[in-house]
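Accompanying notes for the structure given below.
The values are calculated or read from the model by the stated rules, or taken from the named source; none is laboratory data. Nothing here was measured: the structure is a model prediction, and the numbers come from that model. Glycine gets a Cβ as well: all are built from the backbone with ideal geometry, and neighbour counts include every protein chain shown. Side chains are part of the model used for accessible areas, which takes the heavy atoms of the whole protein and leaves out ligands, DNA and RNA. Shrake-Rupley method; radii C 1.70, N 1.55, O 1.52, S 1.80 Å.
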Amino acid sequence: MFAIPLLAALAIFTQPNPLAAQEPTAKATTAEEKKRENMEFCAAICAHHISSGMWVVGRDYQRTAEEVIAQDIAPFTYFGWQPDFKYHVDEERKMVTVTAPGAPPRSARYTGDQGSTILPRGKEDVFFEPVKVPRNLPAASTQQWPMGEIGATTPVPDGVDSKAVAAALDWAMAQEEQNTRAFVVAYDGKIIGERYAPGWTKDTPQISWSQGKSITATLIAILVERGLLEIDQPAPIKEWQGDARSEIRIRDLLHMSSGLDFGNLGFGGDKLTTENEHMRVYFDSLNVFEHVIAAPAKVPPGTRYSYLNSDPLSLGKIIRDTVEAQGEDYLTFPQRALFDKIGARSPVLETDPWGNFILSGYDYLSARDWVRFGLLYLQDGVWQGERILPEGWTDFVMTPAPADKKLNYGGMFWLNRAPRMDQVPEDTYWPAGFMGQVTMIIPSRKLVVVRMGPSAKDVYPYMNETIGRILKAIP
């Protein structure tokens, strides 16, 4: 884990929260306005990360705001933190305000089981009623693995060279430039090795970024299994009816092939602007569903693969509309329909100010809960005899999207068909998130490998080598 001291120039902003008198942000036009807008959005995402670092990750690993900044924000240029930024933590209201020089202050508020939300400028609360998300499960210490923790690591499956697995994980954790905070390996349903950085544990919810896109696909699958959706039906989004977007199928959205016009400028300190439609969902206080469904058609659906947040978030709107049409509570649906089924107690799925899940990236799960997710797919969507995902769903998500000429992407899962990692079997597929969050599912070797932690490096050569070492240690 990084041991980088926070720059001494950090100052504590202790005045009362100044948001109430501010007006909504106007779109920047001049160079000076764009610079101010960028600084304001940097402050917003930093406020979010401090809030979630303290109170979402803090459900298991408690840190001060200064520690969160030093470990999660300041070392990485993506978030634009500068030493003259000021911050204020309101412990009572669970609100963090960050001010960048020359820009209005921005705040994020922790609402409980909906995590932390960036608030619009001028507002001090969200526009929905946060709800408690019950974990309808006994204590993990009282249940057998994988529903609980009893027997998670024993007995060791036949043929496993435990010393070789341990050596592979020791090597993985020794690569300090990767900043790995969790590394867990499960073979034939049992955890055969795991390592955690100091302070981080098997229960710590960690930001998983775009691994959440695979959760979105899974929630769609559950609704398909219930007979409420079909993947080849036109996307049931009323705003798209009557124009070219009415041809977009759920399948196209799952394949990142909607054809929508939705700009992606990449993620970096100077890229945090209103023009960056793909990334705005992470630093602007948007209604993310309204934002994505307003995108016009650019090319016919199914003809262009393009990795854009428009597609998983459009699926998110379909999930919300479908669940609520059944009279079910949307905010508790993922826990009830998926996580309770597989023994996952850690998930925190964060929302925009209107209570829409930003499940393209703002999702927090523990490493062991990602193992459980991987096991669900390794078992073809069946969990302890109950079919949760439709028959054939795993084949669908691990089949290359027709429009992806590189064969790297399936149905909201990444693929090793190229192969991207030459020491890893070609049937490997995985949820992947920003800065190296991965859950590798390897059906041919009955293996699930989870790696978490904010890395500024390319993790795939590192994963290739580590998994290659692990594969030599199992039958």
- Note on the structure: Within the range 229-251, residues in contact (Cβ under 8 Å) with a residue 24 or more places away in the chain and more than 19 Å from ILE215 (Cβ to Cβ) come out as PRO236, ILE237, GLU239, TRP240, ASP243, ALA244, ARG245, GLU247, ILE248, ARG249
- Qualifying positions in the range 446-458 - surrounded by fewer than 21 Cβ atoms within 10 Å (Cβ to Cβ) and in contact (Cβ under 8 Å) with a residue 60 or more places away in the chain: LYS446, SER455, ALA456, LYS457
- Those residues of the range 177-192 which are surrounded by 23 or more Cβ atoms within 10 Å (Cβ to Cβ) and either assigned to a loop (DSSP other than H, G, I, E, B) or among the hydroxyl-bearing types (Ser, Thr, Tyr) (or both), in sequence order: THR180, ARG181, TYR187
- Task: Would you point out which residue out of ARG195, ARG121 is more than 24 Å from TRP370 (Cα to Cα) and either in a loop (DSSP other than H, G, I, E, B) or not hydroxyl-bearing (Ser, Thr, Tyr) (or both)?
- Result: ARG121
- Message: For the range 240-249, give me each residue that is open to solvent by 80 Å² or more (accessible area, probe 1.4 Å) and of a type in the set (Asp, Glu).
- Response: GLU247
- Residues satisfying the stated conditions in the range 380-391, i.e. open to solvent by 30 Å² or more (accessible area, probe 1.4 Å) and out of contact with any Ser or Thr (no Cβ under 9 Å at 6 or more places or on another chain): VAL382, GLN384, GLY385, GLU386, ARG387, GLU391
- Query: Only one residue in PRO443, PRO461, PRO419 is touching an Asp or Glu at 6+ places or on another chain (Cβ under 8 Å) and farther than 27 Å from LEU315 by Cα. Which one?
  - Reply: PRO419
- Under the condition of being free of Cβ contacts under 8 Å to residues at least 24 places away in the same chain and not in a helix (DSSP H, G or I), which residue from the range 324-345 is farthest from the chain's Cα centre (by Cα)? GLY327
- Task: Please go through the range 378-401 and pick out each residue that is in a helix (DSSP H, G or I) and within 20 Å of GLY227 (Cα to Cα).
- Result: TRP393, THR394, ASP395, PHE396, VAL397
- Candidate set: the range 218-239, residues that are under 16 Å from VAL382 (Cα atoms) and over 23 Å from the mean Cα position of the chain (by Cα); chosen: the one most open to solvent (accessible area, probe 1.4 Å): ARG226
- Task: Look at LYS457 and say whether it is closer than 20 Å to SER162 by Cβ and of a type in the set (D, E, K, R).
- Result: no
- Query: Filtering the range 59-103 down to residues that are of a type in the set (Lys, Arg) and not in a strand (DSSP E or B), which residue is least open to solvent (accessible area, probe 1.4 Å)?
  - Reply: ARG63
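A quick yes/no check of all residues on (1) buried (at least 21 other Cβ atoms within 10 Å of the Cβ); (2) not aromatic (Phe, Trp, Tyr):
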{"position": "PHE339", "(1), (2)": "yes, no"}
{"position": "VAL348", "(1), (2)": "yes, yes"}
{"position": "ASP363", "(1), (2)": "yes, yes"}
{"position": "ASP369", "(1), (2)": "yes, yes"}
{"position": "TYR377", "(1), (2)": "yes, no"}
{"position": "PRO400", "(1), (2)": "no, yes"}
{"position": "ASP427", "(1), (2)": "no, yes"}
{"position": "MET435", "(1), (2)": "no, yes"}
{"position": "THR439", "(1), (2)": "yes, yes"}
